[in-house]
1. Against the condition at pLDDT 95 or above, farther than 22 Å from V83 by Cβ, more than 10 Å from the ligand (Cβ to nearest atom) and under 13 Å from the mean Cα position of the chain (by Cα), how does K154 come out, does it pass?
2. Please find, within region 8-39, the residue that is farthest from K144 (Cα to Cα) out of those that are away from the ligand (no atom under 11 Å from the Cβ) and among the aliphatic types (A, V, I, L, M).
3. Any idea which residue in region 156-177 is farthest from G32 (Cα to Cα), counting only those that are touching a residue at least 40 places away in the same chain (Cβ under 8 Å) and buried (at least 16 other Cβ atoms within 10 Å of the Cβ)?
4. Just one of V127, V169, V101 is away from the ligand (no atom under 13 Å from the Cβ) and at pLDDT 95 or above; which is it?
5. Would you check which residues across region 55-65 are surrounded by 15 or more Cβ atoms within 10 Å (Cβ to Cβ) and either at pLDDT below 95 or touching a strand residue (DSSP E or B) at 6+ places or on another chain (Cβ under 9 Å) (or both) and list them?
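The values are calculated or read from the model by the stated rules, or taken from the named source; none is laboratory data. This structure is a prediction, so every number in the text was calculated from the model and none was measured. Virtual Cβ from ideal backbone geometry, glycine too; neighbours counted across all protein chains shown.
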Amino acid sequence: MQLLHTIKELRTWRKDKGFIAFVPTMGNLHDGHLALVKEAKKLVDQVVVSIFVNPIQFGTGEDFESYPRTLDADMEKLVESDVSVVFAPEINELYPSPQSVFVEPSTIQHELCGASRSGHFKGAATVVNKLFNIVQPNIACFGKKDYQQLFIIKEMVTNFNIPVQIVAVNTARAKDGLALSSRNGYLTAAERLQAPELYKKLTDLKQAITAGNKDYLGLTNEAKQQLNAQGWQVEYIEVRNAIDLQPAQTKDKNLVILAAAKLGRPRLIDNIEITL
Ligand code: PAF
């Protein structure tokens, strides 16, 4: 496994490689990231993983400065996963001058997580576009935990005719159901015990909807109230059409319930798909 820091090194490595897969990350790797790598390895032998905490997708007051940077531990995990290259550029390598041209995702960027994280998806899509141009992968794996990000990346690839196949990988969960996330590390011991409640609420909602309840607003409002009463600060819980991420209509068959809620310091997100 090679650790490369510059675009030049990566391009030189890439020259004589054929079909490759790519897993973009911000590091602090957990089993969720390793599941993405595993999926990539199933499809292609040569896998590149990037580790880059992208400043332009963090808003003011967010955790860019304190985001855990754990390159040595990440490298150990990636050696075990038989990755070919880890691309870990410095900020100046990707942004030698302030970024002046951005990917502007569709209006969905302002909804759901985008309502409280202004500019987040624009920053994420822009860096993924840059990384695609640098790595030139044939396949790229993204987790379904970041459902809205996955949707926006797919939209970008389609709109810009980028020749990369996007593979969506199921959310990796702890035994108690909590979706794995680097930000789970911010939970206190007591909050960690309470954290699986978010996914439990989503599974209860799924059960109610699958049983025929189509009062999506009523159901999600009740779930919000219940979580808030238990000490959560729910930002949103919404039932959306899984194909276009628009608010779900009662005739829709492919749904996804998406949620974001703060529990103490961290803001947790999760979602669950439903096929009726
Ligand atoms: O999902 C993430 O970790 C990031 O948003 C990504 C895709 C690596 C872009 O910085």
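1. yes
2. L10
3. For region 156-177, the residue satisfying everything is M156.
4. After applying the criteria, what remains is V101.
5. Selection gives D63 alone.
This table checks each residue for (1) assigned to a helix (DSSP H, G or I); (2) without any contact (Cβ under 8 Å) to a residue 12 or more places away in the chain; (3) over 30 Å from L258 (Cα atoms); (4) charged (D, E, K, R).
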site	(1), (2), (3), (4)
L3	no, no, yes, no
W13	yes, no, yes, no
P24	no, no, no, no
L36	yes, no, no, no
E62	no, no, no, yes
A73	yes, no, yes, no
S100	no, yes, yes, no
V103	no, no, no, no
G114	yes, no, no, no
